[in-house]
1. Roughly what percent of Cα-Cα pairs across the chain reach past 25 Å?
2. With springs only between Cα atoms under 10 Å, which of V192, V39, V80 fluctuates most in a Gaussian network model of the chain?
3. If R₀ is 25 angstrom, what is the calculated FRET efficiency for the pair T17 and V57, using the beta carbon separation as r and rounding to 0.05?
4. Give me the net charge of G78's neighbourhood, meaning all other residues with Cβ under 11 Å from the Cβ of G78; Lys, Arg count +1, Asp, Glu -1.
5. Select from segment 96-184 those trypsin sites (Lys or Arg not before Pro) which occupy a DSSP coil region and have at most 15 other Cβ atoms within 10 Å, ordered by residue number.
6. Put a dot 7 Å past each Cα toward the Cβ at S159 and R220; how far apart are the dots in nm?
7. Round to the nearest 0.05 the FRET efficiency obtained for A228 and V65 when R0 = 22 Å and r is the Cβ-Cβ distance.
8. With everything on Cα atoms, drop me the angle between helix 133-146 and the longest principal axis of the chain, reported from 0 to 90° to the nearest 10.
Amino acid sequence: MAVLTVNDLCKTFGAGTARSNRVLDHISFDVRGQTFVSVVGPSGCGKSTLLNIISGVETHTSGDVSVTSDEGRPARLGYVFQDPRLLPWRTVRKNMLYVQDKDDDQARRRVSTYLDMVGLGQHGDFFPGQLSGGMQQRVGIARAFAVEPDLLIMDEPFSHLDAITARGLRAQLQDIWAQSRKTVVFVTHDVVEAVELSDRIIVLQPGGRIFEDIPIDLPRPRRQSDPAVATLQAEVLARLEKMKAITPQAATAV
Ligand SMILES: Nc1ncnc2c1ncn2[C@@H]1O[C@H](COP(=O)(O)OP(=O)(O)OP(=O)(O)O)[C@@H](O)[C@H]1O
Ligand SMILES: [Mg+2]
């Protein structure tokens, strides 16, 4: 598990040019332990930029971001993207081994364990092109878990999938997460998904400020059919309606 600290973070693309665009505006939050945090907000409000800065792919303009393992060593990060990004010429197993430090027995065991967990234990020797989109996305999730990351970062991993497949994967993700003590930061457009999965929802508003930081205190496992989940989903949606009223740029997007 990880300790993630984001302190007064700002990001401006094209700073000092005519195209200067402030995308993140004094963002502060921290996440520690086995916590599942979702970041929701309208398209363009800076969610992916925030994840990219946390993972070190993107630089920030000011403020601080730190990720440490709660065991005091440098943190390992896992990333699940919107699309699975598998190498088409490698088998499922070889795609998963590719991101491991070593190709040893331990790594192979981890690959098998997480392939089993996503229900693809029999598909290790398949090539990505032989799998459906949902199966490929499951490989992407298994690959990220198999790195045994302290912090798992997920950027709209289910948004390209049909509703039924997405629902199945959300349930599977909850189960794997419950077994595997990870800190997760999960980006989604979908408030319903965020309430089902999260301990906490950070709502970003256009212009990249935190509008609200909402704790979700519901027992797990959560299922869509649970009335308490549905009630809280309606409540969080109502709060987002409030954001739309206050920030008209958000009105078309959430
Ligand atoms: N590399 C870049 N160079 C310049 N501007 C960028 C770059 N990456 C993102 N932006 C801008 O930053 C803003 C936020 O983009 P970002 O991708 O973080 O939004 P998002 O909240 O993830 O949106 P979506 O929900 O559509 O994925 C947008 O205005 C985008 O045009
Ligand atoms: Mg994005």
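1. Roughly 45 percent, once rounded to a whole number.
2. V192
3. My answer for the efficiency is 0.70.
4. Combined, the nearby Lys, Arg, Asp and Glu give +1.
5. Those that pass, being in a loop and sparsely packed, are K102, R181.
6. It is 2.3 nm.
7. Rounded to the nearest 0.05, the efficiency is 0.05.
8. 90
Throughout, read-outs are computed from the coordinates displayed, never taken from laboratory work. Because the structure is a prediction, the values reported are computed rather than measured. No Cβ is skipped: glycine too gets one built from the backbone with ideal geometry, and neighbour counts run over all protein chains shown.
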